[in-house]
Amino acid sequence: MRIPAFTTLEEAFLYCRDMDASLNERLEAFSEATRYFIPGYQEAVDRMVGRLKEYDAGQAAPQPGDPMPVFAMPDEEGHIVTLDDLLSEGPLAMTFHRGHWCPYCRINTRALAEAQAQIALDGAHLAAIMPERQQFAAKFKAEGRMRYPVLTDIDNGYALSLNLAVWVGDEMQQILESGGRKVPDYQGNRAWVLPIPATFVVAQDGVVMARFIDPDYRNRMTIEDLLAALTSAQIPDERDQEP
């Protein structure tokens, strides 16, 4: 996709985040801009993704038909939120994000925010999960114009239990540090572990109806697929039917 010429990567990010296009088109446009502004970055990501895929990273996470493991996490205001609390309001889409600093996560949440009204109209809702401290979760929510909770997964504990947490590797750590990404400060630890961005659509009975998991954080579940999965989660299936 061709995008206008920019003088900084931040200008390109703002354009891609707000462009009138699908989520995938926005993400692809930003990847193209990054390739120009940070030579070698995309190739480094490709190497990390190849390493993760070689070990099937993320594939052992809950699948459709499995119960979603329970949790209790603080939200951006410090209130403890449980999975049962969220499911009491209807079907849920849970999205895992790397951090408030990640431009791909910020583009993703902007697209989700634009779909909030339609999701709510259908009786479903959203929750975001990230491994950062409260102040950064609040910043992430405000910038993303999100009207749903942003939960802090302390030390990636929940992501680890779902087989979603991965070490970024020495090369990506150096790249992130050189770019001013203070991940240890954001998370409150020096592990350099991030969650694989993932989306789980969970029916009100706690069963996973759909999931999207890709070690390549440049890819996310499309808004169209998310909406379709949330609609399906509201339709009683054969497990609820009387014999």
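Tabulated data for the structure shown
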item	result
Matching residues, the range 72-88, being more than 17 Å from the chain's Cα centre (by Cα) and in a loop (DSSP other than H, G, I, E, B)	77, 78, 79, 88
Test for residue 46: is it under 19 Å from residue 164 (Cα atoms), free of Cβ contacts under 8 Å to residues at least 12 places away in the same chain, outside any helix (DSSP H, G or I) and not hydroxyl-bearing (Ser, Thr, Tyr)	no
Restricting the range 71-83 to residues that are exposed (fewer than 13 other Cβ atoms within 10 Å of the Cβ) and touching a residue at least 40 places away in the same chain (Cβ under 8 Å), the residue that is farthest from residue 118 (Cα to Cα)	78
Failed condition for residue 62, given (1) open to solvent by 10 Å² or more (accessible area, probe 1.4 Å); (2) touching a strand residue (DSSP E or B) at 6+ places or on another chain (Cβ under 7 Å); (3) within 30 Å of residue 21 (Cβ to Cβ); (4) part of a loop (DSSP other than H, G, I, E, B)	(3)
Any hit, the range 125-136, residues being in contact (Cβ under 8 Å) with a residue 60 or more places away in the chain, over 14 Å from residue 195 (Cβ atoms) and crowded, with 16+ Cβ neighbours inside 10 Å	no
1 or more residues among the acidic types (Asp, Glu): qualifying helices (runs of 4 or more DSSP H) within the range 89-181	103-114, 134-144, 170-178
Residue check for residue 93: open to solvent by 10 Å² or more (accessible area, probe 1.4 Å) and either closer than 18 Å to residue 75 by Cα or modelled with pLDDT of 95 or more (or both)	no
Members of the range 205-226 found to be touching a Pro at 6+ places or on another chain (Cβ under 8 Å) and of a type in the set (A, V, I, L, M, F, W, C), listed by number	207, 208, 209, 210
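The values are calculated or read from the model by the stated rules, or taken from the named source; none is laboratory data. Small disclaimer: the values here were computed from a predicted structure and weren't measured. Positions of Cβ are generated from backbone atoms using ideal geometry, with glycine treated the same way; all protein chains shown enter the neighbour counts. Remember, those area values only see protein heavy atoms, side chains included, never the ligands or the DNA or RNA. Shrake-Rupley method; radii C 1.70, N 1.55, O 1.52, S 1.80 Å.
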